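In what follows, a structure is listed as structure tokens, so that the remarks can point back to it.
The values are calculated or read from the model by the stated rules, or taken from the named source; none is laboratory data. Owing to the predicted nature of the structure, the values given are computational and were not obtained by experimental measurement. Cβ sites come from the backbone with ideal geometry, for glycine too, and all protein chains shown count toward neighbours.
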Amino acid sequence: MSRKTQHPLRDAGEDRSKADEVPVTPQTQAPAYKLAFNDFDFMCREDMRPVRLQLELLKPELMLNEYGVQSTIVLFGGARIPEPAKKDGARTETLADLSRFYDEAREFARLMTLKSNESGGREGVIVTGGGPGVMEAGNRGAVDAGGVSIGLNIVLPFEQAPNEYVTPDLCFNFHYFAVRKMHFLMRAKAICVFPGGFGTMDETFEALTLIQTGRMERVPFLLFGREFWQGIINWDALADAGTISAEDLDLFRFVETADEAVDLIENWGAPSVRESVPGR
């Protein structure tokens, strides 16, 4: 991305190019001579971590602002959940059974993107982790609706390449999990969580904690697959033990289908929604 400077001073990009044209001498080839912002070894030093954190926060923020994205629908879910057509290759019978949520995620993203298109793709834009499984389904559903979607990828020792359905101009890569999770929530107008593993659990409970503690405004928070979530977590036991309040069980809802999720998001503030308690 290139932006014309709005001041009379020489542009940093111009100097970066000019620096590559200097004569080759012992002085110009020394690491000390490199422009600081163009010196990757310098930028990766241990004591430069605060700068890297700032850059990783700023780059997606600036680019999303320039693209015009004002709000998002967050879609969390497992990378290992297969498309139903490919479920025969699933590692376990449970994963094969959970493949139905690939289709639900795809349909949910399609429906929400149709609504997003009404705002010119500025409001309610689907954002996923940009990887395979449920994440791919979310970005794919946005493509089905002819809209855009965001992918927040992260560098891992295994996997990770962006799935082919993320809008290229909105495909970001991260080194820091914490900054990535912050970007997931900064524009969130709803959070929808599909079955998944450690990463999905981490994202889910961080978001719930922020809402529970008042560090984030309450937004529609939907867990797809009551049987899965109640089998993994004994929510009532947490409340009965007093480690959370009974009212905290009202921060989220269980849903099974895309249509049910869309309806809950559109009517989140209605009394019938507020008064229903999940799992009871």
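Just one of the numbered conditions (1) more than 21 Å from PHE158 (Cα to Cα); (2) of a type outside the set (Phe, Trp, Tyr); (3) assigned by TED's automatic domain parsing to the domain that holds LEU208 is not true of GLU83: (1).
Would you confirm whether or not the range 26-35 contains a residue that is among the aromatic types (Phe, Trp, Tyr), loosely packed, with under 13 Cβ neighbours inside 10 Å and over 30 Å from VAL125 (Cα atoms)? Taking every residue of the range 26-35 in turn, none turns out to be among the aromatic types (Phe, Trp, Tyr), loosely packed, with under 13 Cβ neighbours inside 10 Å and over 30 Å from VAL125 (Cα atoms).
Here THR257, THR200, THR243 are screened, and the one residue that is under 17 Å from the mean Cα position of the chain (by Cα) and among the hydroxyl-bearing types (Ser, Thr, Tyr) is THR200. Among the residues of the range 77-102, write down those that are closer than 18 Å to ASN173 by Cβ and touching a helix residue (DSSP H, G or I) at 6+ places or on another chain (Cβ under 6 Å). Those that are closer than 18 Å to ASN173 by Cβ and touching a helix residue (DSSP H, G or I) at 6+ places or on another chain (Cβ under 6 Å): none in the range 77-102.
Residues of the range 119-129 include at least one that is within 16 Å of THR72 (Cα to Cα) and of a type in the set (D, E, K, R).
When every residue of the range 86-101 is checked against the conditions, none turns out to be in contact with an Asp or Glu (Cβ under 8 Å, 6 or more places away or on another chain), touching a residue at least 40 places away in the same chain (Cβ under 8 Å) and assigned by TED's automatic domain parsing to the domain that holds GLU203. If the condition is being assigned to a loop (DSSP other than H, G, I, E, B), within 24 Å of GLY121 (Cβ to Cβ) and touching a helix residue (DSSP H, G or I) at 6+ places or on another chain (Cβ under 6 Å), then the range 149-182 contributes ASN163, TYR165, VAL166. Report the residue count in the range 245-263 for those that are of a type outside the set (Phe, Trp, Tyr), over 17 Å from GLU217 (Cα atoms) and buried (at least 17 other Cβ atoms within 10 Å of the Cβ). Final tally of qualifying residues: 4. The single residue among GLU83, GLU14, GLU56, GLU61 that is surrounded by 14 or more Cβ atoms within 10 Å (Cβ to Cβ) and more than 24 Å from TYR176 (Cα to Cα) turns out to be GLU83.
Residues in the range 189-206 that are within 19 Å of ILE154 (Cα to Cα), among the aliphatic types (A, V, I, L, M) and touching a residue at least 40 places away in the same chain (Cβ under 8 Å): VAL193 only. Just one of the listed residues (ALA188, ALA207, ALA178) is under 27 Å from LYS59 (Cβ atoms), of a type in the set (Gly, Ala, Ser) and touching a Ser or Thr at 6+ places or on another chain (Cβ under 6 Å), namely ALA188. Among residues of the range 11-30 that are farther than 18 Å from ASP41 by Cβ, none has a beta-carbon under 6 Å from a residue that is modelled with pLDDT of 90 or more and assigned to a helix (DSSP H, G or I) at least six positions away or on a different chain. Number of residues in the range 77-100 that are modelled with pLDDT under 90, charged (D, E, K, R) and part of a loop (DSSP other than H, G, I, E, B): the value is 1.
Does ALA109 satisfy being assigned to a helix (DSSP H, G or I) and free of Cβ contacts under 8 Å to residues at least 24 places away in the same chain? Against the criterion (assigned to a helix (DSSP H, G or I) and free of Cβ contacts under 8 Å to residues at least 24 places away in the same chain), ALA109 does not qualify. Being modelled with pLDDT of 95 or more, over 30 Å from TYR102 (Cβ atoms) and outside any loop (DSSP other than H, G, I, E, B): is that true of ASP240 here? It is true that ASP240 is modelled with pLDDT of 95 or more, over 30 Å from TYR102 (Cβ atoms) and outside any loop (DSSP other than H, G, I, E, B).
Scanning the range 211-231 for residues that are surrounded by fewer than 15 Cβ atoms within 10 Å (Cβ to Cβ) and within 23 Å of GLY196 (Cα to Cα) yields ARG218, ARG226, GLU227, GLY231.
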